[in-house]
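The values are calculated or read from the model by the stated rules, or taken from the named source; none is laboratory data. Predicted model, so just to flag it, every value in this text is computed and none were measured. Cβ placement follows ideal geometry from the backbone for every residue including glycine, while neighbour counts extend to all protein chains displayed. Accessible surface areas use protein heavy atoms only, side chains included; no ligands, DNA or RNA. Shrake-Rupley method; radii C 1.70, N 1.55, O 1.52, S 1.80 Å.
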Amino acid sequence: MSETGTPGRYQRTTNGLIGSMIVAVVAVIGVVVFRSVFRNDLEVQPEPVDYLELVAAVQSADREPAYPPALPAGWIATNVEASQANQMPRFFLAVLTDEGRFIGLRQEDESVEDLLEEHVDADTDEQGTAEVDSAVSRTWEVHTDEGGDTAYAAEVGEENLLVYGSAPREDLELFLGLLSTEPVGATAAGR
């Protein structure tokens, strides 16, 4: 405040504004350069999950989820979920191939059309059927979408099974061939 009791006036000029902006930009650039020099490029790897433990729990509830007793070298399960006993039966398994391509497995008491719409695409094209040597089903409906995803569908008991993802068809069909509904541990003992 000035001696007369009125606030002092700060003179605002264009040069002052430009000077302030230059200082702010230099400070931001300095922070970005500093962080990039002392930053390690972190490669985040997904954590594998032990899906067989949940499969065994689901089987103990008198359900028969389709699952692979073992995965090929380099493939990892990244997520597994199952519904509670008082909910609609659902089983989900997410796998990444050795090349990081996604394969999902959904087994639910939903129509194939609903499963495709919810988990693949609302607009899929039916590609006919495929014969795959699998303990779960020999004949699978094949569906594709414009994004390059492929889905295989079959009935397992009273539920529908959908195996889908961005993985190549060879990997998806390899996965289908691994599927079993045998009790956990029984397939390893039978080899």
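Contact annotation: residue pairs with Cβ atoms under 7 Å, 6 or more positions apart or on different chains, pairing a residue in segment 60-78 that is touching a residue at least 60 places away in the same chain (Cβ under 8 Å) with a partner that is assigned to a strand (DSSP E or B) and aromatic (Phe, Trp, Tyr), are Pro65/Phe91. Exactly one residue out of Glu126, Glu110, Glu155, Glu117 is part of a loop (DSSP other than H, G, I, E, B) and open to solvent by 20 Å² or more (accessible area, probe 1.4 Å), and it is Glu110. The single condition among (1) open to solvent by less than 40 Å² (accessible area, probe 1.4 Å); (2) in a loop (DSSP other than H, G, I, E, B); (3) at positive phi that Val136 does not meet is (3). Restricted to segment 68-90, and to residues there that are outside any loop (DSSP other than H, G, I, E, B), modelled with pLDDT of 90 or more and among the hydrophobic types (A, V, I, L, M, F, W, C), the residue that is surrounded by the fewest Cβ atoms within 10 Å (Cβ to Cβ) is Ile76.
Within the set of pairs 6+ apart or on separate chains, which have a first residue in segment 158-187 that is closer than 17 Å to Glu108 by Cβ and open to solvent by 10 Å² or more (accessible area, probe 1.4 Å), a second that is at pLDDT 90 or above and assigned to a loop (DSSP other than H, G, I, E, B), and C-beta atoms under 6 Å apart? As it stands, the answer is Thr181/Ala66, since those pairs meet every condition given. Considering (1) within 20 Å of Arg63 (Cα to Cα); (2) in a loop (DSSP other than H, G, I, E, B), the lone condition that Val163 does not fulfil carries the number (2).
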